[in-house]
Amino acid sequence: MYPIKLKIYGIRDFIPTELDLGNENEHVLIGGKNGSGKSTLVYAASFALVSGRVSIDGLRSKLKKGDERWHAGVSMLFHNPPGPGKKDAPPYVQLSAEIRSRAGTSSHQVIYSLAGGESPDILVEKRKFQGRQEAHDYYKRVFDIDTEGYFMFWYQGSITDFANI
């Protein structure tokens, strides 16, 4: 199973964006000038994969006040092709995280969900999770995705620490 698409909306100052991540033989390297959004993309993808290293408030636009209504989301679409690495899931699996907040309050709700289907264009919601830990445990058990167990992503601070070593 490998990622083929990343969708984000309402995250920091990004306009709604859909990124094609290629196929199983390609790798993604994100580059750009300081402040261009490289870290935001990594944190957004990590948020969809239920990393505990991502601060929800860190995904909010700096232009929004803490008590303004905020609706944001991230989803990662995976291809699960036939073969020895096939997971017990449909050919296409989408893992999503959505943030909803109410106007006039700083509280928010985070919804983690799983959708799947035979085509990347026709996905059906399969499951909603009660919280981050339930989604994390399910993703680890079923898909072998564990953002806490190993560095699936190199965060900016991790790269700095590695360079300093």
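The values are calculated or read from the model by the stated rules, or taken from the named source; none is laboratory data. Because the structure is predicted, anything quoted here is derived from the model rather than measured. Here the Cβ is made from the backbone with ideal geometry for all residues, glycine too, and neighbour counts use every protein chain on show. The accessibility values were calculated without ligands, DNA or RNA, using every heavy atom of the protein model including side chains. Shrake-Rupley method; radii C 1.70, N 1.55, O 1.52, S 1.80 Å.
Taken one residue at a time, the phi angles of region 19-33 give Karplus couplings (6.51, -1.76, 1.60, θ = phi - 60°) of 10, 7, 9, x, 10, 5, 9, 10, 10, 10, 10, 9, x, x, 6 Hz. Gly and Pro are set to x.
Based on the Cβ-Cβ distance of Thr105 and Glu148, what FRET efficiency does E = 1/(1 + (r/R0)^6) give at R0 = 30 Å, to the nearest 0.05? Walk me through the numbers before you get to the answer.
Values: r = 29 Å, r/R0 = 0.98.
E between Thr105 and Glu148, to the nearest 0.05, is 0.55.
Can you give the helix-only mean residue ellipticity at 222 nm for the chain, where every DSSP H stretch with n ≥ 4 adds -39500 (n - 2.57) and the sum goes over all residues, rounded to the nearest 500 deg cm²/dmol?
Details: 3 runs with 27 residues, N = 165.
Calculated from helices alone, the mean residue ellipticity at 222 nm is -4500 deg cm²/dmol.
Overall, the accessible surface of the chain at a probe of 1.4 angstrom is composed of carbon and sulfur to the extent of 51 percent.
Take the Cβ atoms of Asp88 and Asp13, set R0 to 45 Å, and the FRET efficiency comes out at 0.70. Residue ranges 141-147, 48-54 sort as 48-54, 141-147 when ordered by packing (mean number of other C-beta atoms within 10 Å per residue, highest first). In the complete set of protein chains, residue-level accessible area for Arg132 is approximately 80 Å², probe 1.4 angstrom. Glu118 contributes about 150 Å² of solvent-accessible surface, heavy atoms of the protein only, 1.4 Å probe. Calculated accessible area for the chain comes out at 59 Å² per residue, all protein chains present (probe 1.4 Å; ligands, DNA, RNA ignored).
Extension gain for Lys64 to Asp137 (0.36 nm times residue separation, less C-alpha to C-alpha distance): 23.0 nm.
Pairs of Cα atoms under 8 Å, at least six residues apart: use those to get the relative contact order of the chain, whole percent.
Values: 298 pairs, mean separation 34.6, N = 165.
Relative CO of the chain lands at 21 percent.
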